[in-house]
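Colleague: Provided herewith is a single structure, encoded as structure tokens, for subsequent inquiry.
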Amino acid sequence: MDSIAQKAAPLASPKILKNSKGVILPTSQVAYVVYGCEHMQEMMESARKPTLQHYKAILQDLHEKPSIIAQTYKSADGRPVVSLRPLYLCLQCPSILTEADRDLHVESKLHCFSVESREGHVYCGNCQDFIYDPDLDSKRLQKGKKRKYEDTTTPDDHKLIIGNSIFLPCRSTGLRGLYNMGQTCFMSVILQTLIHNPFVRNFYLSEGHRTAECEREACVSCALDEMFVEFYSVEKTEGFGAVGMLMGSWLAGDSLAGYQQQDAHEYMQFMLNTLHLQNGGSTDSDDCACVIHQTFYGKLSSTVTCDKCRNVTTALDPYMDLSLDVRNQGKKRKLDSNTGEDIRLDLRDCLERFTSREKLAAEDYMCQNCDGGQHATKQLSIKRLPPVLSIHLKRFEHTKSTSSKIETMVRFPMKLDLYPYTTDYKSTQTKASKASGPPNTNHNVNSPANSILYELSSVIVHKGKIDSGHYVSYSREGNDWFSFDDSKVVLVPESEVLGAEAYLLFYMVSNLEM
């Protein structure tokens, strides 16, 4: 069976049956396809019975066993990894593959057919597309039922369905804008980010917060639950007026009451804290099982080393987001060798600066061993990473007399390896490695084997000046990026997202290890 469907040049389109007068058979208005493609035709004619049996066994695994099994594959070093994206189960061997490995599998093993792990659709590697095969699809639609759908309908039923059916595209995908109710763009961008966060979305769409049983007045979590229902259950494209959310925010946060512009980062902190409290959150962050802590909670490790006695003290601090400095340091300005202009600051430079060592003066550190003030070295590192990492770029500066905005453009990647900023990595860096020279600032290098990859999921942008600005956001839905500007939602290219002057960045873990 392994060598049945060998790679060949794509052939003609699927076969359609017609009579002598050119009329499509059967006489319904739907064309009848014999095989999904010419490659599937070869497979069915050579090994129909084992193909159908293997496909049926795969469907049983998808529908009857825990979904995490079909979403788990083995990494290159043999570790089980849970994927947040669909995987592909080979129809010709027991392999479970990622999208990239699926294509390599076609080349190396000549196994061109695989089954998508979410719905059971069949993918042809030679056609490089999903195919519709009547025999396979009928088994997929049965989902364990003994009777086919066609067995329960009559020809009259078919005529009735065809005569009274119209095409209605499904728009319940969360792609909906929010009306500006008086300088509420700061609220809209945070809500759009939460709505397109798969962890938060899954919690609310699975009845994680039961609005009917909630007795709180103007509950923020109930208002968010209402939005998820509106965005994912109702086919509407016009903007949504988040009146309930606005009223709930006013009542829960006194500083938010009124129609003055607010800071999006401060509103995000308010939302996370409020949703934590309104969804059974506990005071112990480590043991809190609320959706907010399970999604955004992480830990920072802070180590201080006495320069005299080398005594090390370590403290762990919780965080919901990382706040990074984006000011260009004069001594470390980098110039392009070709143009002589400043090289754009990179997010990874900001993270390296955040986790680099800094000197503490004697008046700032009291050593317990030396029983007095001593010079010391302090270093932060990431002890625990959350499934969704929020990064706040500190663009607003406030002094006693003035407030200003830092306009520095920061380059950020679609995929971010966070391993170099973790406690595990920093603990391996010795004085010898530090003395060997400056760190490699070329970010276009191969990731290490133990890399921790995160993918960009949302970006929030502040446009304009500090006292007269406007917030917009970008969020990814599948492989597409959309811009959210109040009630306007627009499909945008990836280049526009990467060129934005980011204020808040949200990175989601690529894979979850078991």
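Colleague: Starting from the alpha-carbon convex hull of region 184-279, give the projected area averaged over all orientations, in nm².
Modeller: 6.0 nm²
Colleague: Under 8 Å for C-alpha pairs, at least 6 residues apart: give me the relative contact order for region 38-145, rounded to a whole percent.
Modeller: 22 percent
Colleague: Moving on to the next point. Would you work out which of Gln41, Pro134, Ile96 lies farthest towards the positive end of the dipole of region 38-145? Charges go on Cβ: Lys and Arg +1, Asp and Glu -1.
Modeller: Ile96
Colleague: Now for a different question. Rank by packing, highest mean first: peptides 128-135, 179-186, 402-409, with packing defined as the count of other Cβ atoms within 10 Å averaged across residues.
Modeller: Most protected by this proxy first, the peptides run 179-186, 128-135, 402-409.
Colleague: Moving on to the next point. Show which aspartates and glutamates lie in cross-link reach of Lys400 when reach means a straight Cα distance below 19 angstrom and same-chain residues fewer than eight apart are skipped.
Modeller: Within the straight-line cut-off, Lys400 pairs with Asp263, Asp467.
Colleague: Let me ask something additional. Can you pull out the GluC sites (Glu not before Pro) in region 174-249 whose DSSP state is coil and whose Cβ has at most 13 other Cβ atoms within 10 Å?
Modeller: Answer by residue number: Glu207, Glu215, Glu217, Glu235, Glu238.
Colleague: At a 1.4 Å probe radius, which order do Met227, Met508, Met320 fall into by accessible area, largest first?
Modeller: Order by accessible area, largest first: Met320, Met508, Met227.
Colleague: Mind running the shape call on region 38-145? Use the C-alpha gyration tensor, a ≥ b ≥ c as the square roots of the eigenvalues: rounded below 1.5 for a/c, prolate if a/b tops b/c, oblate otherwise.
Modeller: It is oblate, given that a/c is not under 1.5 and a/b is not larger than b/c.
Colleague: Next up: Sort 297-303, 259-265 for me by packing, meaning the mean count of neighbouring Cβ atoms within 10 Å per residue, highest on top.
Modeller: 297-303, 259-265
Colleague: Mind checking the full-extension length gain between Asp129 and Glu363? Use 0.36 nm per residue of separation minus the Cα-Cα distance, one decimal, nm.
Modeller: 77.6 nm
Colleague: Measure up Lys299/Lys426; Lys109/Lys139; Lys359/Lys426; Lys74/Lys109; Lys394/Lys465 against 21 Å on the Cα-Cα distance and list the ones that go over.
Modeller: The answer is Lys109/Lys139.
Colleague: In addition: Mind grabbing the accessible area of Ser285 for me, 1.4 Å probe, Å², rounded to tens?
Modeller: 40 Å²
Colleague: In the full protein assembly as shown, how much of Met44 is accessible to a 1.4 Å probe, in Å² to the nearest 10?
Modeller: Rounded to the nearest 10, that gives 10 Å².
Colleague: Taking a 1.4 Å probe, which of Asp254, Asp486, Asp77, Asp101 shows the most accessible area, and what order do the others take after it?
Modeller: Highest to lowest solvent-accessible surface, that is Asp254, Asp77, Asp101, Asp486.
Colleague: Right, another one. Over region 91-143, what is the mean sequence separation of C-alpha contacts under 8 Å (at least six apart), divided by residue count, expressed as relative contact order in percent?
Modeller: 23 percent
The values are calculated or read from the model by the stated rules, or taken from the named source; none is laboratory data. On a predicted model such as this, the values are computed, not experimentally measured, just so you know. Here Cβ is always computed from backbone atoms with ideal geometry, including for glycine, and neighbour counts include all displayed protein chains. Areas reflect the complete protein model, heavy atoms only, side chains present, ligands, DNA and RNA absent. Shrake-Rupley method; radii C 1.70, N 1.55, O 1.52, S 1.80 Å.
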